[in-house]
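Accompanying notes for the structure given below.
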Amino acid sequence: MTEVLSGDEGERSVITAIFFWVAVFIGVIGSGPALAHEPSADASSLGSSSPTLPVLTEPHLLANDLDRIPADPFRDASPFIVAAPEPAAPFPILLNRAVQHYVSDFLSQPDQLQDTFDRSQPYLKDMMRELRSRGVPEDLVYLAFAESLFSREGRGPWQFDANTARRYGLRVDSDLDERRDPILSTRAAAEYLADLHDAAGYDWRLAVVGWNAGEGAIDRYWSLRGQNFSRFASRLPRRTRTLLGRFMAVAFIAHHANAYGLAPVDYTEHPVYQQILVKGGSILSRVATLNGTTLSRLRELNPALLNDRIPLDARNYSLRVPLHSVSSF
């Protein structure tokens, strides 16, 4: 026989049922898989072979037990999260005896290193933005320091050969050599490094090998992916080992500049220049006069220009002038 509930009892039963199903629903959602995972790395130790130096606490400076660190912990993030772009996994900076040798070498001429940091300062923020926008670890900006001590002459900070430079959109001719421009060359370097990273199976160390020894080197050293750094480095050509060591040394010094008696490297300093549009054929000395600056200052801010004149085929050339200049052509 069916039991008939009173009005109050029936109402309580309905409310109880509602709470039950809400609790079940919440429990199902709460136990679902996370959409994204934060990378983790233990930076508490540099290994017994490392000399006494500032304790590493930053997440971008990793211990030398690299086997546990995924090549790219962000690669498997949920496809349902749409953001531009995802942060790049940090480059595994290692301080071992070999890298310490290059640290000591750089610090044997501290004035030269300080000059290098000072030259880069007006451009560093924009250079890092270029790397970040293409998913490249920001610390790879110091690859340009290892390559050239941030030279704005010759083949520029990143030391591109002409063919690779043109392949990645840089103009190299008798009027302009955009390899020498810190921002434009970093944009090209970021695209090239991102391509090498993909070809290297999302391994940044192997991508740097490809950068230095050619793209074919990625196939030759593919089997070394995931090995500890000492074994990895011991199998590389000497010039590639040297570049890796110099790169990690200058990155380490930059992050601990105070400890080494150098001025801190400011990653947030605003540029000391602005850009104006200048017609092709304009004479730089006249541009300098109208903007209250000097020809030498314009040359310094625009190292891609090989002559003291804007290329004739440029309809509107973006020229850097000191901040607060207001003239245009």
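Values in this text are rule-based calculations from the coordinates and carry no lab data. Given the structure is predicted, the values throughout are model-derived calculations rather than measurements. Quick reminder, even Gly has a Cβ in these numbers, built from the backbone with ideal geometry, and neighbours come from all protein chains shown.
Brief remarks on what is shown
- For the range 155-244: rounded, prolate or oblate by the Cα gyration tensor [a/c cutoff 1.5]: prolate
- When Tyr123, Tyr267 are sorted by how many other C-beta atoms sit within 10 angstrom of their C-beta, beginning with the fewest, the order is Tyr267, Tyr123.
- Under Karplus coefficients 6.51, -1.76 and 1.60, residue-wise ³J(HN,Hα) of the range 298-307 in Hz, glycine/proline x: 5, 4, 5, 7, 10, x, 6, 6, 8, 10
- Residues whose amide H lies under 5 Å from that of Phe91, counting only those 5 or more places away or on a different chain, are Asp139; hydrogens are built 1.01 Å from N in the peptide plane.
- Summing Cβ point charges (Lys, Arg +1; Asp, Glu -1) relative to the Cα centre of the range 163-204 gives a dipole of roughly 80 debye.
- Each residue, Asp308 and Asn258, gets one label point 7 Å from its Cα in the Cβ direction; the gap between the two is 4.5 nm.
- Subtracting the Cα-Cα distance of Gln109 and Thr294 from their residue separation scaled by 0.36 nm leaves 63.5 nm.
- Local charge for Tyr168 was computed over the other residues whose Cβ lies under 15 Å away, with Lys and Arg +1 and Asp and Glu -1, and equals -1.
- Fully extending the segment from Thr268 to Arg231 would add 9.7 nm, taking 0.36 nm per residue of separation and subtracting the current Cα-Cα distance.
- Backbone HN-Hα couplings from phi across the range 273-280 [Karplus 6.51/-1.76/1.60, Hz, Gly and Pro as x]: 9, 9, 10, 10, 8, 10, 6, x
- Cα-based shape type of the range 194-329, given that a ≥ b ≥ c are square roots of the gyration tensor eigenvalues and the cut on a/c is 1.5: prolate
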